[in-house]
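The values are calculated or read from the model by the stated rules, or taken from the named source; none is laboratory data. Note that the coordinates shown come from a computational prediction; the quantities given were computed from them, not determined experimentally. Every residue, glycine as well, gets a Cβ built from its backbone with ideal geometry; the counts of neighbours run over all protein chains shown.
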Amino acid sequence: MTSWWETIGIKKGPGGCGDVTEEQKNTTIDQAVSTWERMGLSEDEIAFGIAVMGLESGFNHRAIGESDSERGYGQFNKRTWKDAVNHYNTRPEHTALGEADIDPDKGRNDPSSQIAVMGPWIRKTWERAATIPTRQRPKGHSFDEIAYGKWHQGQSEAPKEIGKFLADPQKYNNPNKRGYFTTNVDRAKQSVRLRKAGGWVALWGQP
């Protein structure tokens, strides 16, 4: 059967970004989607998370950023990783879902821990982006892009600074980054919804 995620591209880059096979990419996305669904993330939040993983690390949990502090699927730096782990461990539904605490040191290089920690942080990022008044949102960019600006630049970054980041051709506004991200957001949304609806077999009649 065709993989749900075959249309999602693997972005190559320095620090091991994208040094994975198609099978590894698909397995990573499968695990992430299952984990995030269990946490109650929406289809749009899940699709956003898939696109973030692709752009930040090329779906390689060993990817290392230019600063050497940024690591893993979501390219958390050391400080943000600790904040994200703490958010994961202390949120109200953590115990209700039967989740074990994640140790920030042991979990740093563990792919399952990285995926788990990303889930609540995706939702937090999504909610922070939604608090930006419509009149203050960077013009010409989708909500997913604004949320990515929050992910990359920091949860507390002002809308004006998010706009500068998104408009910068070296940091984001180029085909290699913006083109990749927006394309994969759309593809991920379609794939997540197809999967939920019954998939390629139900919709296309293909084995």
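Assorted remarks:
- Residue pairs whose Cβ atoms lie under 6 Å apart, sitting 6 or more positions apart in sequence or on different chains, and linking a residue in segment 140-154 that is more than 12 Å from residue 122 (Cα to Cα) to a partner that is outside any helix (DSSP H, G or I), are 146/137.
- Every residue from segment 111-142 that is hydrophobic (A, V, I, L, M, F, W, C) and surrounded by fewer than 20 Cβ atoms within 10 Å (Cβ to Cβ): 130, 132
- Subset of segment 77-110 [surrounded by fewer than 14 Cβ atoms within 10 Å (Cβ to Cβ), aliphatic (A, V, I, L, M) and outside any loop (DSSP other than H, G, I, E, B)]: 96
- Yes/no for residue 177 being assigned to a helix (DSSP H, G or I), touching a helix residue (DSSP H, G or I) at 6+ places or on another chain (Cβ under 8 Å) and either closer than 17 Å to residue 46 by Cβ or not small (Gly, Ala, Ser) (or both): yes
- In segment 77-126, the residues that are in contact with a helix residue (DSSP H, G or I) (Cβ under 7 Å, 6 or more places away or on another chain) and among the charged types (D, E, K, R): 91, 101, 108, 123, 124
- Cβ-Cβ under 9 Å pairs, at least 6 apart or on other chains, segment 31-52 side more than 14 Å from residue 185 (Cβ to Cβ) and touching a residue at least 24 places away in the same chain (Cβ under 8 Å), far side charged (D, E, K, R) and not in a helix (DSSP H, G or I): 39/99
- Lone unmet requirement of (1) within 14 Å of residue 115 (Cβ to Cβ); (2) at pLDDT below 95 for residue 61: (2)
- Within segment 170-207, considering residues that are of a type in the set (Gly, Ala, Ser) and at pLDDT below 90, the one surrounded by the most Cβ atoms within 10 Å (Cβ to Cβ): 199
- Scanning segment 111-143 for residues that are closer than 20 Å to residue 54 by Cβ and in a loop (DSSP other than H, G, I, E, B) yields 141, 142.
- When residues in segment 1-51 are screened for being assigned to a loop (DSSP other than H, G, I, E, B) and closer than 17 Å to residue 72 by Cα, 12 of them pass.
- Only one of the numbered conditions (1) at positive phi; (2) of a type outside the set (Asp, Glu); (3) surrounded by 21 or more Cβ atoms within 10 Å (Cβ to Cβ) is violated by residue 15, and that is (3).
- Only residues that are surrounded by fewer than 16 Cβ atoms within 10 Å (Cβ to Cβ), part of a helix (DSSP H, G or I) and not basic (Lys, Arg) were counted across segment 144-166, and they come to 1.
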